[in-house]
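Enquirer: My structure is below; once you've seen it, I'll send some questions.
The values are calculated or read from the model by the stated rules, or taken from the named source; none is laboratory data. On a predicted model such as this, the values are computed, not experimentally measured, just so you know. Neighbour counts are summed over all protein chains in view; Cβ atoms, including those assigned to glycine, are modelled from backbone coordinates with ideal geometry.
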Amino acid sequence: MLDPRAYRCPEDLSAGSPLPRRVLIVGSCLSSGWSHYIAHSPHPCPSDMFWLGAVPADPPQPMADYHFQIVQLPLRFVLPDLAFARLPQNDLEAHERLFAHACAAMRRQLESGMRWNVEHGLLTFVFPFLPPQQNPAGRLLPRYDLRNLAWFVDRLNQELERELANYANAYLFEFNEVLATHGRRYFQDDVGWAANHGSAFNNYDTPHDGNRLEPPTPAAELFELKQREIMDAGWAEMVAMWRTVAQPQPVKLVVVDLDDTMWRGVLAELSPDAYPTTEGWPIGFWEALAFCRRRGLLLAIISKNGDATIRTIWPKVLRGRLSLEDFAVVRINWQPKAENMADILAKVNLLPGNVLYIDDNPVERAALAAAFPGLRVLGGTPMLWRRTLLWSAETQLPMVTEESARRTAMVQAQVQREESRSQLTREEFLAGLNVQVTFLAIDSAEHPRFGRAFELINKTNQFNTTGRRWSHAEVVAAFAAGLRFLAFEVTDAYTDYGLVGVMLLDHSGLAQFVMSCRVLGLGVEAAAVALAVESLRQHGASIAFAAMVETERNLPCRDLYRLCGFEAVPGGWQHPTEPGLPLPAHVRLVAEAPEGEGEGEGEAEAEAEGQAEPDAEAA
C-alpha cells in the first residue's frame, strides 16, 4: 500500500532533494497547531508562529533563514458569527451584499498577513477557507448559488486566488484538495461547531461541559479523527510546492521505451487484430506524457525495434492521441540503449540528473542507471507511472512560460541545426545562421520577463558561472541594493529560442551569467559579455570583474572569460571596460523597445563587424 502522506506527493524522483530550512506561520486557530506539528513531522522543520494582526516588522530570525511562510486567514474574521444563517433564504440581494462585505474583509486581512511578502518578497502559501461539508440550508436546495454557504465559501476562495495574483511569489495552498483526497470527515469541525470557525475538530468542549447531568462524549470518540495523518499530507503538499518553486532537482526530459511501456506487449510480433487493449493505464500514461509536454518537459523515445515497423504500428495504436512529432528526439533502432541515451543527451544538452527514463525491463534500467550516474529511472507497476509523472514536484513548474510551451519545437529545430553544422565549416555555418540577439534590462520583479529570467537562473546547471540558486526574496533585496539583470532573447534561421540568457550585474561587476545550452556555440555568449562590459562602463566601472565558481556541472562555461580576453584573478576574471570587447561579426544586436513604443520603434540595432563597439543603447 502507498504511504498516505506521500499519496498526493510522490517521492520516487526526489531522492536527495533538500528540505525547507525554516518557515514562518501567520494565522489563527487552524494554523496554530502547524508550528508544533511540522517540528515533529517525518520531514521536521523549525518555524515561528504569529497571530494575524500581530505581525511584527521583522521576524525573530533573519529573513534569509526562512524558505517560505504560511498565511491562514480565519473565516470568522471575514464572515461574522451567524451572519449568513440569519439571512432570509430567498433574499438573494442580501446574500450578495454579505458576499461583497466578506470579500472586502478578506482583502484587508490578506494585506495584513502578506506584510513580509510585500516588503521582502518572501515566498508565501495562503490557506483557502474551508467550506462546510454540506449545504446547511438543506441538501435539496441549489448547489451553485450564493444562498448555499458551501458555494459562498467556494466563491470566496476564488476571489482570494484572484487577489493573490496581485502579489508576487505567492500561491494558494489548496488544503481543500488535501481534505478532499483524505476525507473532510476525519478533520473538519463544522459537524459540531459553527461553519465560520472553519478549523480542525478536537476535544475543546469536553473540559467546559464536565458538570452536565450526562457528561458528553469527547469529539475524538464520537468521530474518527485523523488530524495527524491529514497534517502529514498537508505538510508534504507544502514541501512539494516549495520544491516546485525552488526547482532543486527538476526533470527536464522524459525518455520512454515502447514495448510494454507505451503499450501492452511486443506489437511487432502481433497482427493488428491481436493488439492488446490500450484501455486502462496505457491511455492514462499517454495523457500524462501529453501533460508533461504541455508543461514544457521534453519527451524522447529509446526503443530496440525497427523504425519503419514502429512508424507503421504507431497510428494504428495511438490513433492520434500522441504523435511521434510530440517527441523531441526519437531513437528506434537496434543499438545499445546507452549509446542512444548518450546521443540524446548530447543533442538536447542536458545532464543525466535532469532526465527520467521509463522502461519495463529492469536490466535495461539498471544498465542505463550505471552508465549515467544521476539518471532517474522508473519501472515496475505501470499503474503508478501516471501519478509519478503528474504529481511529483520534480516534473512541475510554478508557471508555464512562452519558452516552456515551445520547448519541443525549439529542441527539434536545435537538432536540425546541429545536423547542418556537421555538414559545413564553422565559418559557413555561422555566416548563414542569421543570429539575432535582443537584450532586455530587468531591475524589478514586476518586469514582464522577470518570471522567465528567474526560472532560467534557478534551472540552469551547465552554463552557470557560479551555480548559485536565488530565492525570490533574495532577488528582490538584491534589486533594491542595485542588482540588475541583462537578459537576452535569441533567434536564428531555424527558430526563436526565446529568453535564453541572463547576466546579473551589480556594483562588483558580472556576478553571475547563466545561459541555456540550446544556444551554446552560436557566439551569443561572447556578444553578451561584450554588452555586459559596456553596461558596466556606462555605470562608471573601469574594470569589469566576472565571478567564476567551478561546480560539478558547469564545465561548458569555465573558459568563457578567457576566450573573451579576460585575465584570471582570485575569485574570477577581469577586463578593462575601455576599450570595449569586439562582437562576433555574425551576430546582430537589437535592444529592447522602450515601454510604450510600437513594434519596430525604439530599436537600437548594430550590425556588428570586426571590432565594432557594443551599442550603448543595447547595454
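A quick yes/no check of all residues on (1) surrounded by fewer than 23 Cβ atoms within 10 Å (Cβ to Cβ); (2) within 23 Å of ASN354 (Cβ to Cβ):
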position	(1), (2)
THR466	yes, yes
ALA487	no, yes
ALA493	yes, no
GLY498	yes, yes
SER508	yes, no
MET515	no, yes
VAL519	no, yes
VAL529	no, no
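Enquirer: Among the residues of region 451-467, are any among the polar types (S, T, N, Q) and part of a strand (DSSP E or B)?
Expert: Looking only at region 451-467, we keep the residues that are among the polar types (S, T, N, Q), and these are 458, 460-462, 464-466.
Next, only the ones that are part of a strand (DSSP E or B) stay: 464.
Yes, there is a match, as at least one residue in region 451-467 is among the polar types (S, T, N, Q) and part of a strand (DSSP E or B).
Enquirer: Mind checking which pairs have a first residue in region 301-320 that is in the same structural domain as ILE344 (by TED's automatic domain parsing) and a second that is crowded, with 17+ Cβ neighbours inside 10 Å and of a type in the set (Ser, Thr, Tyr), Cβ under 8 Å, 6 or more apart or different chains?
Expert: Cβ pairs passing all conditions: ILE302/TYR357; ILE310/SER303; VAL317/THR278.
Enquirer: Among what's in region 88-131 and is at pLDDT 95 or above and among the β-branched types (Val, Ile, Thr), pick the residue that is farthest from ALA194 (Cα to Cα).
Expert: That would be THR124.
Enquirer: Considering only residues that are more than 26 Å from GLY521 (Cβ to Cβ), of a type outside the set (S, T, N, Q) and free of Cβ contacts under 8 Å to residues at least 40 places away in the same chain, which ones fall in region 438-482?
Expert: Of the residues in region 438-482, the ones more than 26 Å from GLY521 (Cβ to Cβ) are 443-448, 450-451, 470-482.
Filter once more, so that each one left must be of a type outside the set (S, T, N, Q): 443, 445-448, 450-451, 470, 472-482.
Across region 438-482, the qualifying residues are HIS447, PRO448, PHE450, TRP470, ALA478, PHE479, ALA480, ALA481, GLY482.
Enquirer: Tell me the residue from ASN196, ASN117 that is more than 29 Å from TRP470 (Cβ to Cβ), polar (S, T, N, Q) and buried (at least 19 other Cβ atoms within 10 Å of the Cβ), please. Talk me through it step by step, then tell me what you get.
Expert: On the way: ASN117 fails: more than 29 Å from TRP470 (Cβ to Cβ).
Of ASN196, ASN117, the one residue that is more than 29 Å from TRP470 (Cβ to Cβ), polar (S, T, N, Q) and buried (at least 19 other Cβ atoms within 10 Å of the Cβ) is ASN196.
Enquirer: I've got another one for you. Between ASN117, ASN157, which is outside any loop (DSSP other than H, G, I, E, B), in contact (Cβ under 8 Å) with a residue 12 or more places away in the chain and either farther than 27 Å from HIS182 by Cβ or among the basic types (Lys, Arg) (or both)? Lay out the reasoning, then the answer.
Expert: Numbers: ASN157 fails: either farther than 27 Å from HIS182 by Cβ or among the basic types (Lys, Arg) (or both).
Just one listed residue meets the conditions, ASN117.
Enquirer: Tell me, yes or no, whether region 234-251 has at least one residue that is basic (Lys, Arg) and part of a helix (DSSP H, G or I).
Expert: Step one: list which residues in region 234-251 are basic (Lys, Arg), which gives 243.
From what is left, the residues that are part of a helix (DSSP H, G or I) are 243.
Yes, region 234-251 contains a residue that is basic (Lys, Arg) and part of a helix (DSSP H, G or I).
Enquirer: Among (1) more than 22 Å from PHE175 (Cα to Cα); (2) in contact with a Ser or Thr (Cβ under 7 Å, 6 or more places away or on another chain); (3) aliphatic (A, V, I, L, M); (4) without any contact (Cβ under 8 Å) to a residue 60 or more places away in the chain, which single condition is MET1 missing?
Expert: (2)
Enquirer: Can you list residue pairs whose Cβ atoms sit under 6 Å apart, with the first residue in region 45-70 being among the charged types (D, E, K, R) and the second being assigned to a strand (DSSP E or B)? Count only pairs 6 or more apart in sequence or on different chains.
Expert: ASP48/LEU24
One line per residue, one yes/no per condition, for (1) of a type in the set (Ser, Thr, Tyr); (2) in a helix (DSSP H, G or I); (3) within 20 Å of LEU350 (Cα to Cα); (4) assigned by TED's automatic domain parsing to the domain that holds ALA290:
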site: GLY380; (1), (2), (3), (4): no, no, no, yes
site: LEU384; (1), (2), (3), (4): no, yes, no, yes
site: LEU390; (1), (2), (3), (4): no, yes, no, yes
site: VAL400; (1), (2), (3), (4): no, no, yes, no
site: ALA409; (1), (2), (3), (4): no, yes, yes, no
site: GLN412; (1), (2), (3), (4): no, yes, yes, no
site: ARG417; (1), (2), (3), (4): no, yes, yes, no
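Matching residues to (1) in contact with a helix residue (DSSP H, G or I) (Cβ under 7 Å, 6 or more places away or on another chain); (2) of a type outside the set (Phe, Trp, Tyr); (3) outside any helix (DSSP H, G or I):
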| residue | (1), (2), (3) |
| --- | --- |
| ASN176 | no, yes, no |
| ASN202 | yes, yes, yes |
| ARG212 | no, yes, yes |
| THR217 | no, yes, yes |
| ALA220 | no, yes, no |
| MET231 | yes, yes, no |
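Enquirer: State yes or no: is GLN249 among the polar types (S, T, N, Q) and under 26 Å from the mean Cα position of the chain (by Cα)? Before you say what the answer is, go through the steps one by one.
Expert: Details: among the polar types (S, T, N, Q): yes; under 26 Å from the mean Cα position of the chain (by Cα): yes.
Yes.
Enquirer: Hey, any hits in region 564-578 for a residue that's free of Cβ contacts under 8 Å to residues at least 40 places away in the same chain, in contact with a strand residue (DSSP E or B) (Cβ under 7 Å, 6 or more places away or on another chain) and more than 23 Å from ARG468 (Cα to Cα)?
Expert: yes
Enquirer: Write out, first by first residue and then by second, each pair whose Cβ atoms fall under 6 Å of each other, whose residues are 6+ apart or on separate chains, and whose first residue, in region 182-208, is in the same structural domain as ASP232 (by TED's automatic domain parsing) while the second is surrounded by 17 or more Cβ atoms within 10 Å (Cβ to Cβ) and small (Gly, Ala, Ser).
Expert: Sorted first by the residue in region 182-208, then by its partner, the pairs are HIS182/ALA233; PHE187/ALA200; ASP189/SER199; PHE201/ALA219; ASN203/ALA219.
Enquirer: If ALA441 satisfies all but one of (1) at pLDDT below 90; (2) over 22 Å from the mean Cα position of the chain (by Cα), what's the number of the condition it fails?
Expert: Unmet condition: (1).
Enquirer: Kindly provide the set of residues from region 29-41 that are surrounded by fewer than 12 Cβ atoms within 10 Å (Cβ to Cβ) and assigned to a loop (DSSP other than H, G, I, E, B), ordered by number.
Expert: Correct list: HIS40 only.
Enquirer: Among what's in region 417-432 and is touching a Ser or Thr at 6+ places or on another chain (Cβ under 9 Å) and in contact (Cβ under 8 Å) with a residue 24 or more places away in the chain, pick the residue that is farthest from ASP496 (Cα to Cα). It would help to see each step written out before you state the result.
Expert: Narrowing region 417-432 to residues touching a Ser or Thr at 6+ places or on another chain (Cβ under 9 Å): 417, 429, 432.
Within this subset, residues satisfying the condition of being in contact (Cβ under 8 Å) with a residue 24 or more places away in the chain are 417, 432.
Working: ARG417: 12, GLY432: 16 Å.
In this case the residue turns out to be GLY432.
Enquirer: Pairs needed: first member in region 132-147, modelled with pLDDT of 95 or more; second member anywhere, of a type in the set (Val, Ile, Thr); C-beta distance under 8 Å; at least 6 residues apart or different chains.
Expert: Note: pairs meeting the criteria are PRO132/VAL153; GLN133/VAL191.
Enquirer: In region 326-346, what count of residues is obtained for those that are acidic (Asp, Glu) and either over 15 Å from VAL254 (Cα atoms) or touching a residue at least 24 places away in the same chain (Cβ under 8 Å) (or both)? Don't jump to the end; show me each part of the working.
Expert: So the first thing to find is which residues in region 326-346 are acidic (Asp, Glu), and the list is 326, 339, 343.
In the following step, the residues that additionally are either over 15 Å from VAL254 (Cα atoms) or touching a residue at least 24 places away in the same chain (Cβ under 8 Å) (or both) were identified as 326, 339.
Residues flagged as acidic (Asp, Glu) and either over 15 Å from VAL254 (Cα atoms) or touching a residue at least 24 places away in the same chain (Cβ under 8 Å) (or both) within region 326-346 amount to 2.
Enquirer: Here is a list: ALA64, ALA105, ALA83, ALA100. Which entry is in a helix (DSSP H, G or I), over 33 Å from the mean Cα position of the chain (by Cα), surrounded by fewer than 21 Cβ atoms within 10 Å (Cβ to Cβ) and assigned by TED's automatic domain parsing to the domain that holds ASN169? Spell out the reasoning first.
Expert: Numbers: ALA64 fails: over 33 Å from the mean Cα position of the chain (by Cα); ALA105 fails: over 33 Å from the mean Cα position of the chain (by Cα); ALA83 fails: in a helix (DSSP H, G or I).
Going through ALA64, ALA105, ALA83, ALA100 in turn, just one is in a helix (DSSP H, G or I), over 33 Å from the mean Cα position of the chain (by Cα), surrounded by fewer than 21 Cβ atoms within 10 Å (Cβ to Cβ) and assigned by TED's automatic domain parsing to the domain that holds ASN169: ALA100.
Enquirer: I would also like to ask the following. Inspect region 150-172 for any residue being of a type outside the set (A, V, I, L, M), crowded, with 18+ Cβ neighbours inside 10 Å and farther than 30 Å from LEU397 by Cα and give the result as yes or no.
Expert: Yes, region 150-172 contains at least one residue that is of a type outside the set (A, V, I, L, M), crowded, with 18+ Cβ neighbours inside 10 Å and farther than 30 Å from LEU397 by Cα.
Enquirer: Looking only at region 254-269, count how many residues are assigned to a helix (DSSP H, G or I) and in contact (Cβ under 8 Å) with a residue 12 or more places away in the chain. First the steps, then the outcome.
Expert: Quick first cut of region 254-269, residues assigned to a helix (DSSP H, G or I) only: 267-269.
Cutting the leftovers down to in contact (Cβ under 8 Å) with a residue 12 or more places away in the chain gives us 267-268.
Result for region 254-269: 2.
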